[in-house]
Amino acid sequence: MVEARERAEGVVGPRRYEEVLKAARSRAEEALRAVGVSFSIEEGKGFVDLVVDVDSVVRAAEALKAAGFDHVVSVTAVDYPKRKQIKVAYHVTSYLDPEIAGGIVGLAVYLPRASPEMPSLTSVWVSAEFMEREVYEFFGVHFRGHPDLRPLLLVPELAEKHPLRKDFVVREESIYEGVPERVRRG
Amino acid sequence: MEEGRVYLGNLDVAAKRARDILLGKIKLEKVVDWANAFSLWPVHLTTSCCSTEFAATFGPRFDGEQFGALPWVGPRQTNLIVIEGTVTRKMACAVRVTWEQMPHPKFAIAMGACALDGGLFYNSYNVVRPWEVIPIDIYIPGCPPRPESVARAIVELQRRIRSRRVASSWIREGWRPDRDYVAPKEDYCSWQRTSSPVPL
Ligand code: SF4
């Protein structure tokens, strides 16, 4: 920590995001290789996801944390109904390490859509707690070992339907639906 | 009470009225309406992003306090609730509980397109219309409405209270006549009883 703060004092001026992302990415890859976690890479413009196995996700998270990625920016999920998979992605970056601060790297896992279950990473990054609850209610992903896995934003009846899954049908309303007769007449 | 007039508090007028009341020249009902119109204290219940404009209304630039409205924190000391934007299903319970804690007679303003009919979140699975939760007096369109619109709504509510004798008649009857049009509280607050954790 102290060392990181000392380094922070030496930094002047902002850098381009591509540079920061590159630094963060190579740091993350090194960290995963050092602990022997195999991973594949998905990347697009401005983002990079390191996809690991469900079994090694906790080890990968611990390695990333030790390498300086000290907090989770967001936890999100993507539903792939055709491939029968759900991808859960943890976006991590650093506050204290100026080398990689602001460079956001994703740590992703693919889960079977029928029974999505993975170990919770709250023991590694505390800031993941509420976001995991959100993924739990919107996608139905179970996080093993989460301290308080309850729906966060939705009422329980709605959370059971997992509204952000692709097969959730939004009921289209007509303009006057549900309007009492006395209001409709004006 | 001609149209378009802004009703402002004035100490001289107030003193004159107080004298007239004491002498029995003015009906007490009228006094009640007059007093209610100039003490519309909105409770600051932030349901969504419209609240920034609501806060701006009572900031130094737009100075909503000149109309006799002062945002207050506790619902027990307020008589106006401004629904500030989208009301989600869980928040609907908070709105309803706050509404029930406010003393009678109480008024409600629905602010923003979301509070009218969903607005940006039309067709969403998690949004309720505030007029199903509590009875609404005034609607403000806009996304978000400007602070002037909020001030206009307050002035409009004052006009309505004074010209239709709303407050005094409600006090006489002991309840709002449109109180029964809203859905029962159970519809919005039943989720609170569900124990944790919920099996999915
Ligand atoms: S009307 Fe616009 S500003 Fe107001 S709550 Fe809805 S989206 Fe937000």
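The values are calculated or read from the model by the stated rules, or taken from the named source; none is laboratory data. Fair warning: this is a prediction, and the values are worked out from it, not measured in the lab. No Cβ is skipped: glycine too gets one built from the backbone with ideal geometry, and neighbour counts run over all protein chains shown. Just so you know, the surface numbers come from the protein's heavy atoms only, side chains and all, with ligands and any DNA or RNA stripped out. Shrake-Rupley method; radii C 1.70, N 1.55, O 1.52, S 1.80 Å.
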Original post:
Of all residues in region A:96-118, which are under 18 Å from the mean Cα position of the chain (by Cα) and open to solvent by 50 Å² or more (accessible area, probe 1.4 Å)?
Top reply: A:I104, A:P112, A:E117
**OP:** State whether the residues of region B:176-184 include one that is more than 16 Å from the ligand (Cβ to nearest atom), basic (K, R) and open to solvent by less than 20 Å² (accessible area, probe 1.4 Å).
**Re:** yes
Original post:
(1) closer than 22 Å to A:F69 by Cα; (2) more than 14 Å from chain B (Cβ to nearest Cβ); (3) open to solvent by less than 10 Å² (accessible area, probe 1.4 Å): which one isn't true of A:V135, the others all being true?
Top reply: (2)
Subject >> Residues satisfying the stated conditions in region B:109-126, i.e. among the small types (G, A, S) and more than 11 Å from every other protein chain (Cβ to nearest Cβ) >> reply: B:A110, B:G112, B:A113, B:A115, B:G119
**OP:** Within region A:53-92, count every residue that is of a type in the set (V, I, T), farther than 17 Å from A:H146 by Cα and open to solvent by less than 10 Å² (accessible area, probe 1.4 Å).
**Re:** 2
Subject >> Which numbered condition B:D63 fails, given (1) within 15 Å of the ligand (Cβ to nearest atom); (2) without any contact (Cβ under 8 Å) to a residue 40 or more places away in the chain; (3) under 17 Å from B:S149 (Cα atoms) >> reply: (1)
Original post:
When you scan region B:144-171, how many residues do you find that are touching a residue at least 24 places away in the same chain (Cβ under 8 Å), of a type in the set (D, E, K, R), assigned to a helix (DSSP H, G or I) and away from the ligand (no atom under 16 Å from the Cβ)?
Top reply: 2
Original post:
Got at least one residue in region B:92-104 being open to solvent by less than 30 Å² (accessible area, probe 1.4 Å), within 14 Å of chain A (Cβ to nearest Cβ) and away from the ligand (no atom under 16 Å from the Cβ)?
Top reply: yes
Original post:
Condition test on B:Y188, is it modelled with pLDDT of 85 or more, open to solvent by 20 Å² or more (accessible area, probe 1.4 Å) and within 16 Å of the ligand (Cβ to nearest atom)?
Top reply: no
Original post:
Given (1) within 16 Å of the chain's Cα centre (by Cα); (2) crowded, with 21+ Cβ neighbours inside 10 Å; (3) more than 14 Å from chain B (Cβ to nearest Cβ); (4) not acidic (D, E), where does A:S123 come up short, assuming only one miss?
Top reply: (2)
Original post:
Is one or more of the residues making up region B:47-63 open to solvent by less than 60 Å² (accessible area, probe 1.4 Å) and within 30 Å of B:E173 (Cα to Cα)?
Top reply: no
